[in-house]
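Written below as structure tokens is the structure these notes are about.
The values are calculated or read from the model by the stated rules, or taken from the named source; none is laboratory data. Computed from a prediction, not measured in an experiment: that's the story for all the values here. Positions of Cβ are backbone-derived with ideal geometry, glycine not excepted, and every protein chain shown enters the neighbour counts.
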Amino acid sequence: MKALGEIGWRRAARFGWTTLALLPYRLAVFPQLRTPWLRLLGARIGARVILHDVRFFNLYRRGLPGLTIGDDCFLGDDCLLDLAEAVTLEPQVTLAERVLVLTHTNVGYRDHPLQRHFPAMAAPVILRRGSFVGAQVTILPGVRIGPESFVAAGSVVVEDVPPRSLVAGVPARPVRTLYWPPS
């Protein structure tokens, strides 16, 4: 009952409804069947998007209307998107397997002893056109991944990634700038 007291009946009902509404999405065998269902539930998804076994949480907060995926994006198996705030993937973004995109942090209930040191926060995440995020990457709230940037597998992205950069590590740091003739 403590959780219900913190989020309220309205958000609890929204959680229940979205959990049920996502059942057809979860049961869809083919990725091409998932996209229309998410659009029906309020997500903005472009053409030629492939969603493998992607999961969502915090749907009772911002929810699927906060999800924008541009044309020609690919999201691999076991990706997990936090929809407490908006998540935007511009066209041609690739998320490899098991990418975690967080839009909020919270150490626990309002009376948790760490709340005064680490207050809850939420901020949208944006992945710009043509970026690539490797397997097992974690992206923290408020981060912007620059256009045509590459985030190496296993990285934890705690701050914005400049355009056309390769970043790697925990925390992710620039390794080099990517140069090539403009297309």
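List of remarks:
- Residue within the stretch 123-139 that is in contact with a helix residue (DSSP H, G or I) (Cβ under 9 Å, 6 or more places away or on another chain) and either among the small types (G, A, S) or modelled with pLDDT of 95 or more (or both) present: yes
- Test set (1) in contact with a strand residue (DSSP E or B) (Cβ under 7 Å, 6 or more places away or on another chain); (2) surrounded by fewer than 17 Cβ atoms within 10 Å (Cβ to Cβ); (3) touching a residue at least 24 places away in the same chain (Cβ under 8 Å) - L51 fails condition number: (2)
- Of the helices (runs of 4 or more DSSP H) contained entirely in the stretch 1-47, those carrying at least 3 residues that are surrounded by 13 or more Cβ atoms within 10 Å (Cβ to Cβ) fall at 2-21, 31-40.
- Scanning the stretch 137-153 for residues that are in contact with a strand residue (DSSP E or B) (Cβ under 8 Å, 6 or more places away or on another chain) and in a loop (DSSP other than H, G, I, E, B) yields a count of 8.
- Number of the condition not met by T68 [criteria: (1) surrounded by fewer than 20 Cβ atoms within 10 Å (Cβ to Cβ); (2) in a loop (DSSP other than H, G, I, E, B); (3) touching a Lys or Arg at 6+ places or on another chain (Cβ under 6 Å)]: (2)
- The set of residues from the stretch 135-161 being touching an Asp or Glu at 6+ places or on another chain (Cβ under 9 Å) and of a type in the set (G, A, S) comprises A135, G142, G146.
- Set side by side, the residues D72, D82 differ, and just one is touching a residue at least 24 places away in the same chain (Cβ under 8 Å) and more than 24 Å from G8 (Cβ to Cβ), which is D72.
- Residues of the stretch 107-136 that are closer than 18 Å to R61 by Cβ, in a loop (DSSP other than H, G, I, E, B) and in contact (Cβ under 8 Å) with a residue 12 or more places away in the chain: V107, Y109, R110, A120, A123, P124.
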